[in-house]
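Novice: The structure's right below; bear with me while I get my questions together.
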Amino acid sequence: MFESIKEFASEFFVTGDPLIYGADVGIALTMIAIVFVLTYFKRWGWLWREWLTSVDHKKIGIMYIIASLLMLFRGGVDALLMRTQLVMPDVEFLNPEHYNQIFTTHGVIMILFMAMPLMFGLFNIVIPLQIGARDVAYPFLNSLSFWLFFWGAMLFNVSFVIGGSPDAGWLAYPPLSELSHSPGVGQDFYIWGIQISGIGSLMTGINFIVTILKMRAPGMKLMQMPMFTWSTLSSCITIIFAFPILTVTLALLFLDRYLGAHFFTLDGGGNPMMYINLIWMWGHPEVYIVVLPAFGIFSEIVATFSRKKLFGYKSMVFALMSISFFSFFTWAHHFFTMGSGANVNAFFAITTMIIAIPTGVKVFNWLFTMFRGRISFKSPMLWTMGFIPCFVIGGMTGVLLSVAPADFQFHNSYFLIAHFHQVLIGGVAFGYFAGLYYWWPKMFGFKLNEKLGKWAFWLWNIGFYVCFMPQYFLGLDGMTRRVSTYGWDMGWGPLNMVSTIGGFLMGIGFLFQVWQIAHSIKFMERDTTGDPWNGRTLEWSIPSPAPVYNFATLPQVTAQDEWWEEKQRREQGHKPAPQPPLEPIHMPRNSGIPFIKSLCWFIAGFGFVFDWLWMAIPGLAGVAICMLVRSFTYNTDYYIPVDEVKRTEAALRGSV
Amino acid sequence: MEAAHADAGGHSAAGGSHDEHEDHESLKTFGFWIFLITDCILFGTLFATYIVLRGNTNGGPTAEELFQMPGIIASTFILLTSSFTSGLAVLAMNRGSVKGLIGWLIVTALLGASFITLEITEFVHMVQAENATIGTSAFLSAFYTLVGTHGLHVSLGLVWMIGLMIQLSRHGITTVTKRKVNVISLYWHFLDVVWIFVFTIVYMMGVM
C-alpha cells in the first residue's frame, strides 16, 4: 500500500530537480501565507463578495492585470534561466529536457497568459469609460471570461510541479506533440490550459465588439471614437476570426492523443503539415491581436502628452483595419522552407510585406503628432518614445525575414528570436507598460512614482538592446533557436555573455517596477482631479477611481476628444451644458457562477490530462449545472437609487 | 439593501426600466449573431480539415463503402423539417400563444432527437459492422469529428430547448423568454445550414 502511494506520488509530482523542489517550497509557503493572511484579517468574505464574484469591469480589469503581472514574473524567470544556461559554452545548469520545457512554457506564458490578459485588463478598465458607457455589453460573460483565463492559466502552470511541463515548443508542432513523441501529461496540460483560457478570450472578443458597437455614449459616431477604442475593435474582430481556429486545432490534437485519431500523426494518413497551417492561421493573427491595442495606447498617449490632436485620425483607423485584415493572409511565411513552392511563398511574402505599409503610416502619424507639440516626458510618454525606434528596427528585420529566399538563411536562427522579441517586447510589452502607467491613476486614484519609473524604463530599454542586438549577429553566425548548449569552438560565447547581461538588466528593470508600485501605494498622493495628465478622452472626465456606475449621467458627445473640447469650452467661459436629472441606474448583480463554472472546467481539464474520467465527468457535469442554473436565474440586475448616486457623487467630487 | 434598490427602481423608473430591458435583450441577440460567426469559423476549419484529409483512408474503408444514403437523406429531411417547425414556434410566440409555442418546440425537439438517434445508429453501425473507428484512418478521424461536432451542437440545442420549455411554462412569454426563443431558433436554423454543407461536402461528394 505504502509502496504504491510512493510510486504514484513520484509520477504525479515532478521530482529529481533541485530548482523544482525550490519552487515546490515557494508555492507551499505562498499558499500558506495567503490562507493565513485572509483568515487572520477575516477577509474571505470580502474577497468573495468584492472580487471573486464581481461583474464590475473595472475590478475584473484589475484582476486581469494582477494575474498577468504574476505571469510576467514567471515567464521572466523562465527567460533568465535560459539566458543563464546559455551565458557561456558548455554550461551544465539545465539539462536539455528541462531546457525544452522552459522555452516552451516561456513562450506560452508570455503570449497567452501575460500579453493577452494584460491587454484584456486594459480593455476592461478603459473601454467602457472611454466610450461613455456604464458597463460592458455582457458583464456576467466578462467575469466568466476572466475566470476561464485564470483557471486555464493555473492548469497550465501546475504542470511544472505536477506531472511535468510540455516541451514541444510554444506552438506544439506534431509529431513532437503527438503521443508517440510526448507520451507524458505535459502536452495535455498545454492543450487544456490553452483551450479553457482560449474560450474565455473568444468571449471577450465578442463582448467588446458588441460593447463598442452598441454602447457608445449618445452622439459618439464611429469616427469620433478614441483611437484605443478603435484598436480594441480591430483586435477583437481579429480574435473572433482567429480563435475558433485555435479551438479546433487543439481539439483535433487532443483527439489524436486521447482517442487515437490520425489528424496530425505520421501514420494512419495523418498530416502534420495540416497542424502547422492551422496553428499559424491562428498564430499569426494572434501577434497582431496583441500588438494592435498597443498601437491604440501609443496614439492616446502621444496626443495627450503632445497637447495636440492625433495626426491622421482617418489613416490611423484605416491602418488598424487593414492590418487586421491582412494578418489572415500571412500565415505561411512561418514555413517558407517547408516546400510550398515558389508561387505560394511569393504570395505570402508579398502580403507580409504589405503589412509593413499601414504600420509605417502609424509611425509617421505619431511622429507628426509630436511635431511642434508641447511634449511632456512623463512615464507613459517615455515608454512611447522608447517604443518607436525599437519597433522600427524590429519592423525592418521583419521585412528582411519576409523575403522568402532570405528566410532560408534566417529560418529558425537567433535572428528570428531577436526579431520577434524586438516587436513583442518593444511593441507589446512597452505598449502595455505605457498604458499601465497612463491609466494607473484612473484605476487606483494615484500616480506611480516617476523617479523609480525612470529607473525601470532605462533598465528595460538598455537591457533590451544589450540582450537582443547580439542575437541578430548570433543568428547570422549560425546559432539556431532551442539549442540548450554549445561548444567553445563555435565562437558564440562573447555575444551570448552580453545577451545574458542584457536579460538580467531587464529583470532588474522589472524589480524596479515592483518597487515602484509598492512605494507608490505607500507614499503617493491621491489624485483628486480625476484628470492628472490633462487628458482628452471621456475616461478623464470622471473621478478616479471611477464609481461603480462610471457616469452619473451619460455624457453627450459632439466631437472627437470630447473631454478636451469640453475643457476648451469651459476655459472660454462657456458654462457646461445643464445636466439632465439623475435617474436610477441599472446595474448587473454579482454572481458566483463564473468562478465556480471555471473551476469546474479546471477540474474537468485536470481529469482529462490524467485520463481520470471519475474526475473529468463530474467536472463537466458541474459546468452543465452552472449553465442551467444561470439560464434559470431571472433576477440578475438591480437599480442604484438616485439618492445613493447623489451621495456617491458628492463624496467623490465634493459636490453634485 | 438590494431589495431597496429594486424597489426604488421599480418605483421611479417603471417606464424607463422597460426600455432598458428591451435594449438589453436586443443586445444579447446581436451578440449571438457574432457568436454564430465564430461558430461558422469553427465549422469552416473542420470542413477544411475534412477536405484535406478525406482521401487519406490508410487502406481502410472509403466514403463510398461506408455511407448509406437512404438513412442520411431521411435524417436530412427530419432536420430540415425541424427547422421549419422551430419557425412555426416563433410564429406562435409572435401571436402570443404559449401553448402553440411550447407545442411546436416539443415537435422540434422530437425531430431533433430522432435526427440524433439516426446519427448515433449510423455511427454504431459503422464502428460495429465495418470496423470503421476514429482511429482507423485520417479520413475517418475527420469524418467523425466534423459530423460529431454538428451532432454535439444539436444535442446541446436539445438540452437548451428543454430548459427553455420549462422556463416558458413558468414565466410565459416575456421580453426575456422571447429573446431566448429567438436566439435558439437562430441557432437551430444555423445548424440546419451547417448540415446542408455536411450533406453536400461529406455525403454527396463522398458517394459520387
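What follows draws every value from the coordinates through simple rules; no lab data is involved. None of these values were measured; they are calculated from a predicted model. When we count neighbours, we look across all protein chains shown, and the Cβ atoms used for this are built from the backbone with ideal geometry, even at glycine.
Novice: Cut-off 14 Å, label point 7 angstrom out along Cα-to-Cβ of B:I162: give me the residues of the range B:67-106 whose amide nitrogen falls inside.
Specialist: B:106
Novice: So, one more: So how many Å³ per residue does the convex hull of the Cα atoms of the range A:217-265 work out to?
Specialist: 93
Novice: Could I ask something else about it? Can you pull the Kirkwood radius for the range A:445-491, inverse mean 1/r over Cα pairs, to one decimal in Å?
Specialist: 13.6
Novice: What is the distance in Å between the Cα centroid of the range A:260-339 and that of the range A:35-110?
Specialist: 25
Novice: OK, next. Rounded to a whole number, what is D in µm²/s for the range A:88-150 from Stokes-Einstein with the Kirkwood radius over alpha-carbon pairs (4 °C, 1.567 mPa s)?
Specialist: 89
Novice: Distances longer than 13 Å among the Cα atoms of the range A:605-656: what percent of all pairs is that?
Specialist: Of all Cα-Cα distances in the range A:605-656, 72 percent exceed 13 Å.
Novice: Using only C-alpha positions, report the orientation-averaged shadow area of the convex hull of the range A:99-251, nm², one decimal.
Specialist: Result: a mean projected hull area of 9.1 nm².
Novice: For the range A:282-363, go through all pairs of different Cα atoms, get the mean of 1/r, take its inverse, and jot down that Kirkwood value in Å.
Specialist: Roughly 13.9 Å, rounded to one decimal.
Novice: Note down the Stokes-Einstein diffusion coefficient of the range A:179-262 in µm²/s, whole number, using a Kirkwood radius over alpha carbon pairs, 37 °C, and 0.692 mPa s.
Specialist: Translational diffusion coefficient: 219 µm²/s.
Novice: Project the alpha carbons of the range A:409-482 onto their principal axes and report the range along each, largest first, in whole Å.
Specialist: Its Cα atoms span 51, 19, 15 Å along the three principal axes.
Novice: Taking chain B as a Gaussian network, where each spring joins two C-alpha atoms under 10 Å apart, which residue of B:G100, B:G59, B:G163 fluctuates the most?
Specialist: Among B:G100, B:G59, B:G163, the largest mean-square fluctuation in the Gaussian network model of chain B belongs to B:G59.
Novice: Please report the base-10 log of the normalised intensity I(q)/I(0) for the range A:340-419, using a Debye sum with one equal scatterer per alpha carbon and no solvent, at each q in 0.13, 0.26, 0.27 (1/Å).
Specialist: Normalising to I(0) and taking log10 leaves -0.54, -1.23, -1.28.
Novice: Rg and Dmax of chain A, using alpha carbons, in Å: what are they?
Specialist: Spelled out, the Cα radius of gyration and Dmax of chain A are 25.0, 85 Å.
Novice: Given a Förster distance of 30 angstrom, what is the FRET efficiency for A:M1 paired with A:L47, based on the Cβ-Cβ distance and rounded to 0.05?
Specialist: So, using R0 = 30 Å, E works out to roughly 0.15.
Novice: Mind scanning A:K42/A:K646; A:K59/A:K597; A:K309/B:K28; A:K58/A:K309; A:K308/A:K454; A:K575/A:K646 and naming the pairs with a C-alpha gap bigger than 29 Å?
Specialist: Violating the 29 Å Cα-Cα cut-off are A:K42/A:K646; A:K309/B:K28.
Novice: Right, next: If we count every other residue with Cβ under 13 angstrom of A:D188's Cβ, Lys/Arg +1 and Asp/Glu -1, where does the sum land?
Specialist: With Lys, Arg at +1 and Asp, Glu at -1, the net is -3.
Novice: With bins 10 Å wide starting at 0, give me the P(r) of the range A:57-129 over every alpha carbon pair, in whole percents.
Specialist: 21, 37, 22, 14, 6, 0
Novice: Also: Nearest 500 deg cm²/dmol is fine: what mean residue ellipticity at 222 nm does chain A get from its DSSP H runs of n ≥ 4 alone, each adding -39,500 (n - 2.57), divided by its residue count?
Specialist: When only DSSP H runs of four or more count, the value is -22000 deg cm²/dmol.
Novice: Taking the Cα centre of the protein assembly as shown as origin and charging only Cβ (+1 Lys, Arg; -1 Asp, Glu), how large is the dipole, in debye to the nearest 20?
Specialist: Charge dipole, the protein assembly as shown, about its Cα centre: 2960 debye, nearest 20.
Novice: Sticking with this one: Considering the convex hull of the alpha carbon atoms of the range A:219-317, report its projected area averaged over all viewing directions, in nm², one decimal.
Specialist: 8.5
Novice: Let me have the relative contact order for the range A:235-277, percent, based on Cα pairs under 8 Å that are six or more residues apart.
Specialist: Normalised by residue count, the contact order of the range A:235-277 is 20 percent.
Novice: Work out, step by step, the length gained on full extension between A:R647 and A:L367: first 0.36 nm times the residue separation, then minus their alpha carbon distance; give nm to one decimal.
Specialist: So the extension gain works out to 96.3 nm.
Novice: Using only Cα positions of the range A:367-462, each an equal point scatterer, no hydration layer, compute I(q)/I(0) via Debye at q = 0.13, 0.15, 0.24 Å⁻¹ and quote the log10 values to two decimals.
Specialist: These q points yield log10 I(q)/I(0) values of -0.56, -0.69, -1.19.
Novice: Could you tell me the extents of the range A:479-605's C-alpha atoms along the three principal axes, largest first, rounded to whole Å?
Specialist: Extents along the principal axes: 78, 50, 34 Å.
Novice: Moving on. Can you run the Rg to Rh ratio on the range B:65-185? Use alpha carbon positions and the Kirkwood inverse-distance Rh.
Specialist: In the range B:65-185, Rg relative to Rh is 1.09.
Novice: Measuring from label point to label point, each 7 Å out along Cα→Cβ, what is the A:T337 to A:A33 span in nm?
Specialist: It is 4.4 nm.
Novice: Tell me which of B:L164, A:V87, A:L246 sits at the most positive position along the dipole axis of the protein assembly as shown, charges placed on C-beta atoms (Lys, Arg +1; Asp, Glu -1).
Specialist: Toward the positive end, the furthest listed residue is B:L164.
Novice: Taking 0.36 nm per residue of separation and subtracting the Cα-Cα distance, what length does fully extending B:T200 through B:N58 add?
Specialist: Length difference between fully extended and current span is 48.8 nm.
Novice: Starting from the Cα of A:L80, move 7 Å in the Cα-to-Cβ direction to define the label point; list residues of the range A:457-476 whose amide nitrogen is under 14 Å from there.
Specialist: A:460
Novice: Under the 0.36 nm per residue contour assumption, what length would be gained going from the current alpha-carbon distance of A:W458 and A:L400 to full extension?
Specialist: Extra length available between A:W458 and A:L400 comes to 18.1 nm.
Novice: Further question on the same structure: Provide, as a two-decimal number, the C-alpha radius of gyration of chain B over 2.2 N^0.38 Å, N being how many residues it has.
Specialist: Cα-based Rg divided by the globular estimate yields 1.27.
Novice: Report D for the range A:1-63 in µm² per second (integer): Stokes-Einstein, Kirkwood Rh on Cα pairs, 25 °C, 0.890 mPa s.
Specialist: 164
Novice: For chain B, modelled as a Gaussian network with Cα springs under 10 Å, which listed residue fluctuates most, B:F67, B:F35, B:F115?
Specialist: Looking only at B:F67, B:F35, B:F115, the biggest GNM fluctuation is shown by B:F35.
Novice: If you don't mind, another one. Working only with C-alpha atoms, what are the Rg and Dmax values of the range B:118-208, expressed in angstrom?
Specialist: 17.1, 51
Novice: Further, regarding this structure: If we restrict to alpha carbons, what Rg and Dmax does the range A:1-120 come to, in Å?
Specialist: That works out to 18.6, 54 Å for Rg and Dmax.
Novice: To check my understanding: the extent here is largest minus smallest coordinate of the Cα atoms along each principal axis. What are those three numbers for the range A:52-95, in Å, largest first?
Specialist: Cα extents, longest axis first: 52, 14, 6 Å.
Novice: What is the Cα radius of gyration of the range A:290-431 over 2.2 N^0.38 Å, N being its residue count?
Specialist: Dividing the Cα Rg of the range A:290-431 by 2.2 N^0.38 Å gives 1.13.
Novice: Compute the orientation-averaged projected area for the range A:142-220 from the convex hull of its Cα atoms and round it to one decimal in nm².
Specialist: 6.3
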